[in-house]
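Here is the structure we will look at.
Values quoted throughout were computed directly from the atomic coordinates according to the rules given, and no laboratory measurement underlies them. What you are looking at is a predicted structure, and each value in this text was computed from that prediction instead of being measured. Positions of Cβ are generated from backbone atoms using ideal geometry, with glycine treated the same way; all protein chains shown enter the neighbour counts.
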Amino acid sequence: MIEVNLNPVSMIAGTGSYTPGKILTNADLEKMVDTSDEWIRTRTGIRERAIVENGTVTSDLCKEAALKALEEAKVLPKNLDAIIVATITGDVRFPATACYVQEKIGAVNAVAFDLSAACSGFIYALAIADNMLKAPENKNILIIGTEILSSITNWKDRNTAILFGDGAGACTIKKSDGKSGILGTYIQSDGRLSKLLTMQAGGTKYPDPKDITDEKLKYISMEGREVFKHAVKKMVDAAKLIIREVGLKNSDIKLLIPHQANIRIIEAVAKKIKIPMEKVFVNVDKYGNTSAASIPIALDEARKEGKINKEDICLMVVFGGGFTWGSAVVRF
Ligand code: ACO
């Protein structure tokens, strides 16, 4: 599904992010599984990741990121029309984590709901919010990408334990001021490939956790090499498509913010779409793969570091479980 806005109706007016204070380094992982700092760095680019303390829930991370994104946009929680939380690791089965966020920030007039699209969730939420703001009545929407992946990681499996982290990133989406705007979004899925990246427990397939005898089903499972290949191809296609449809050239892009899963995926995508690494934002070394939180955390950091300024055009591109993928072009 593609959406091109010749006259953008909405813009990103504020960003915020939050990552927990507890840091798990590659050296820590060396003590937990048969791995090495050198293997992890060269295969993934990850040096450390932030992990929550026991007792922290996903909506706690959301609240911290959300309040920053609202403050920057000068939007009061009571003036939010909607809250969309993209996550695969919500607080509970129901209600939606977005409803807990609504309560925690006092967004009494908002509709609140969650969105499940794994790593691609934030770009899906951006596309939906942009469309919701096409109704004249809707003015302010909070979108959040967040995960506590440490809660669904098998800490005994070296293939996956090294990859993931926790965090939240939020954006306040407002009506366009005529200069800034969401120029285009593209989101797509292919359910035929779902088994390559999945977690089977926690749904109606295994209603009673005691029925699960295969330990692997209780955690994230991934065919790493296959996911890698699909991720590069789909992210390249999604980036090229949105640049072309919006009518831009590569040289118009000030910064590429790719999903932060693996430095080798990021470098391969940048090379194939011919964007130099100096124009690519990377923080996978600090946080690992935080799934739906990855792009909004990176976006917030890039803005705070002065890498995106007023009227700069930013390209975001993502790939995740489902499979799901997508891209967005935004003028700040
Ligand atoms: N430490 C040391 N050795 C390891 C480790 C480890 N942590 N993990 C695997 N190995 C070994 C394997 O056992 C294998 O050994 P063998 O050759 O004796 O069998 C060898 O290293 C190579 O394993 P591969 O899986 O082929 O390694 P690869 O280079 O593909 O890297 C990785 C693995 C990092 C997982 C990579 O495939 C990857 O990044 N895949 C994509 C992940 C991704 O992008 N996910 C995105 C979506 S995530 C989401 O949606 C939630």
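So who's got an amide H within less than 5 Å of the one on VAL280, skipping anything under 5 residues away but keeping other chains? H placed 1.01 Å off N, in plane.
LEU256
Please sort through the DSSP H helices of the chain and keep those with an alpha-carbon extent of at least 24 Å along the long axis and a Kyte-Doolittle average not below -0.5.
Details: long enough: 224-246 (32 Å, 0.04).
Span-like helices here: 224-246.
Along each of its three principal axes, how wide is the spread of alpha-carbon positions in the range 175-321, in whole angstrom units, largest first?
Over the range 175-321, Cα extents along the principal axes are 55, 30, 28 Å.
With springs only between Cα atoms under 10 Å apart, run a GNM on the chain and tell me which of ALA268, ALA292, ALA112 wobbles the most.
ALA268
Based on other C-beta atoms within 10 Å, arrange MET11, MET235, MET132 from fewest to most.
The fewest-first ordering by Cβ neighbours comes to MET132, MET11, MET235.
Most exposed first by the Cβ proxy, i.e. fewest other Cβ within 10 Å, how do MET222, MET316 rank?
Exposure proxy ranking, most exposed first: MET222, MET316.
Given the C-alpha centroids of the range 251-301 and the range 75-126, what is the distance between them in whole angstrom?
Centre-to-centre distance over Cα atoms comes out at 24 Å.
Using Cβ contacts closer than 10 Å as the measure, can you line up TYR219, TYR124 from fewest to most? Could the numbers behind the result be given before it?
Working: TYR219 19, TYR124 29.
Going from least to most buried by this count: TYR219, TYR124.
Let me know the Kirkwood hydrodynamic radius for the chain, please, with Cα pairs as the basis and the value in Å to one decimal.
19.7 Å
Which net charge results for the neighbourhood of LYS229, defined as the other residues with beta-carbon distances under 14 angstrom from its beta-carbon, given Lys and Arg at +1 and Asp and Glu at -1?
That works out to +1.
Strictly over 31 Å apart at the Cα level, which of LYS22/LYS205; LYS68/LYS216; LYS240/LYS304; LYS22/LYS304; LYS74/LYS249 would you flag in this model?
Over 31 Å apart, Cα to Cα: LYS22/LYS205; LYS68/LYS216; LYS74/LYS249.
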